[in-house]
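Values in this text are rule-based calculations from the coordinates and carry no lab data. Remember, predicted model here, so these are calculated numbers, not experimental data. So basically every Cβ, Gly included, is an ideal-geometry build from the backbone, and we count neighbours across all protein chains shown.
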Amino acid sequence: MKTSRSKHYNSSRSSLPFEDGMSNVKYHHVIDDSPETAVLVGLITPHQNERKTNEYLDELQFLAETAGATTVKRFTQRMNGPSSVTYLGIGKLQEIRAYIEAEEEAERDISMVIFDDELSAKQLRNIEAELKVKILDRTSLILDIFAMRAQTANAKTQVELAQYRYMLPRLQRLWTHLERQGGGSGSGGGKGSVGLRGPGETQLEMDRRIILNRMSLLKQRLADIDRQKATQRGNRGRMIRVALVGYTNVGKSTLMNLLSKSEVFAENKLFATLDTTVRKVIVDNLPFLLSDTVGFIRKLPTDLVDSFKSTLDEVREADFLVHVVDVSHPDFEDQIKVVDKTLADLGCAETPQMVIFNKVDAYTWVVKDTDDLTPATKDNIPLAELMKSWTQRLDGNCIFISAKERTNYDELREVLYKRVRELHVQKYPYNDFLFQHYEE
Ligand SMILES: Nc1nc2c(ncn2[C@@H]2O[C@H](COP(=O)(O)OP(=O)(O)OP(=O)(O)O)[C@@H](O)[C@H]2O)c(=O)[nH]1
Ligand SMILES: [Mg+2]
């Protein structure tokens with residue numbers, strides 16, 4: 001049993017960047033051979049009730065699945081807040097360890113434990129020492145998916161930079177294990193606490209320097225890409241720029257395909273799109289640029305969002321934002337808030353917007369019995385009522401569609417035409433683009 005456990009344990013080790021001279025950085029790759037299994041961990045706190053925690057864990061499970069890992073068990077603990085030392089209470093940690101050991105006895109290996117919040121270097125180190133399996137947190141899992149998804153040079157560079165940003169403050173942890181393996185060049189480096197300071201520290205300094213050098217190289221490369229992109233954007237002529245934004249998996253790419261009749265990769269996985277695609281779309285006689293970009297998600301650290309600056313420039317510089325919402329998702333209201341907050345962080349709170357409620361075909365609600373006196377929840381609202389209340393709330397600045405079944409598609413084109421035309425006339429008052437005739 002022990003051997004199989006250490007196999008997984010070591011497999012995460014062998015992907016350290018220093019071991020192959022930084023040339024081919026694979027980092028925490030969740031997918032390698034057979035389907036991996038994951039245990040999820042979340043906290044229930046005064047700020048995050050049980051229902052919320054479960055919603056977060058559902059999402060974490062979807063993320064794990066996207067990365068290729070099957071969730072076999074969830075653990076939650078009620079606490080006032082995470083422990084700075086072990087995140088969970090020590091009793092809960094031992095319970096998880098007992099579970100992992102029991103599973104191993106039964107020939108069912110647990111490949112990893114995934115925590116729903118970002119872990120500090122200290123927490124990671126202590127948890128790993130206790131559980132002795134691969135430990136991921138929400139951030140490193142998302143980064144792993146990003147690494148899997150990155151196609152273009154731009155996206156790859158951004159992901160690599162984000163991974164180092166995540167790794168740098170946690171280096172000590174990597175070093176500790178190098179030490180444990182008896183590694184470290186030079187003499188006198190030994191196991192245990194005694195030899196810990198000598199070669200280990202040198203190794204740490206070296207790793208840090210290599211990483212910092214690599215990071216400045218990547219930043220340089222991104223700056224070059226940014227310059228190229230800025231030039232490209234400058235050459236695009238006088239067209240209004242519309243950006244599709246929204247939570248991940250809401251249907252942005254599907255809508256992009258529909259509106260531009262293009263083939264952008266869309267699938268039922270999180271972060272199907274990582275880089276921005278821009279297409280020229282013509283509605284009636286009006287051409288404009290439509291961009292599709294990376295989806296947003298909860299608990300995404302701001303510096304991670306920052307790493308995607310060049311991807312998000314398209315959003316930042318858009319004249320009009322189309323906020324796509326998956327109305328069939330139970331947490332769509334929460335998702336709207338996350339997107340609004342992210343947009344505000346990007347400095348586009350003032351950009352004109354409209355909301356598209358997508359996936360009306362998949363919307364479901366539970367009809368309450370007439371003798372059921374409990375208050376109606378948002379799960380009890382029929383679609384028509386939901387449409388009415390949101391239309392009121394957004395002052396009519398929204399539309400309900402199904403990109404899949406093309407419900408209300410003509411109306412959508414009409415609304416888009418109207419809004420883009422207004423913006424176009426404002427921005428380019430002397431532009432006769434509008435009045436020429438364009439064929440689709
Ligand atoms: N039922 C239903 N499914 C839809 C609709 N629109 C899109 N989908 C599905 O939703 C899933 C996600 O669609 P995408 O277009 O990839 O979503 P996205 O917002 O681009 O996702 P990311 O790029 O991952 O952020 C796919 O499986 C689509 O087929 C719709 O109107 N109804
Ligand atoms: Mg997409």
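The figures follow:
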quantity	calculated
Shape call, segment 211-354: gyration tensor on alpha carbons, a/c limit 1.5	oblate
Relative packing of 245-253, 390-398, 309-317, which averages over residues the other C-beta atoms within 10 Å, highest first	245-253, 309-317, 390-398
Rh by Kirkwood over Cα pairs, then Stokes-Einstein D for segment 28-98 at 0.692 mPa s and 37 °C, µm²/s	249
Partner aspartates and glutamates for residue 156 [C-alpha distance under 19 Å; skip if fewer than 8 residues away on the same chain]	20, 144, 224, 226, 275, 292, 303, 306, 313, 314
For residue 134, distant residues with modelled amide H under 5 Å away	113
Estimated D of segment 257-322 in µm² per second, where Rh is the Kirkwood radius over Cα pairs and Stokes-Einstein applies at 20 °C, 1.002 mPa s	161
FRET efficiency estimate (nearest 0.05) - Cβ-Cβ, residue 406 to residue 366, R0 25 angstrom	0.40
Unsatisfied cross-links (Cα-Cα over 29 Å) in the set 73/252; 122/252; 261/359; 52/341; 299/359; 219/261	73/252; 122/252; 219/261
Formal net charge of residues neighbouring residue 65 (Cβ-Cβ distance under 13 Å; K, R +1; D, E -1)	-4
Pair residue 334, residue 219: separation of 7 Å Cα→Cβ label points (nm)	3.6
For peptides 206-218, 142-154, sequence by mean Cβ density within 10 Å, most packed first	142-154, 206-218
Cβ-based exposure ranking for 379, 226, in which fewest neighbours within 10 Å come first	379, 226
Ordering of 158-164, 346-352, 42-48, 65-71 by packing [mean C-beta count within 10 Å, highest first]	158-164, 65-71, 42-48, 346-352
Order of 364, 157 under a 10 Å beta carbon neighbour criterion, fewest first	364, 157
Whole-angstrom gap from segment 274-299 to segment 100-171, using each part's C-alpha centre	31
Per-residue HN-Hα couplings for segment 117-125 [Karplus 6.51, -1.76, 1.60; θ = phi - 60°; Hz; x = Gly/Pro]	10, 5, 9, 7, 4, 5, 4, 4, 4
Proxy reagent accessibility, fewest Cβ within 10 Å first, across 409, 166	409, 166
Additional length obtainable on full extension of the chain from residue 285 to residue 151, 0.36 nm per residue less Cα span	44.9 nm
Segment 140-150 - phi-based ³J(HN,Hα) in whole Hz, Karplus 6.51/-1.76/1.60, Gly and Pro as x	5, 5, 4, 4, 5, 5, 4, 4, 5, 7, 4
Gyration tensor (alpha-carbon) shape descriptor, segment 58-128, a/c threshold 1.5	oblate
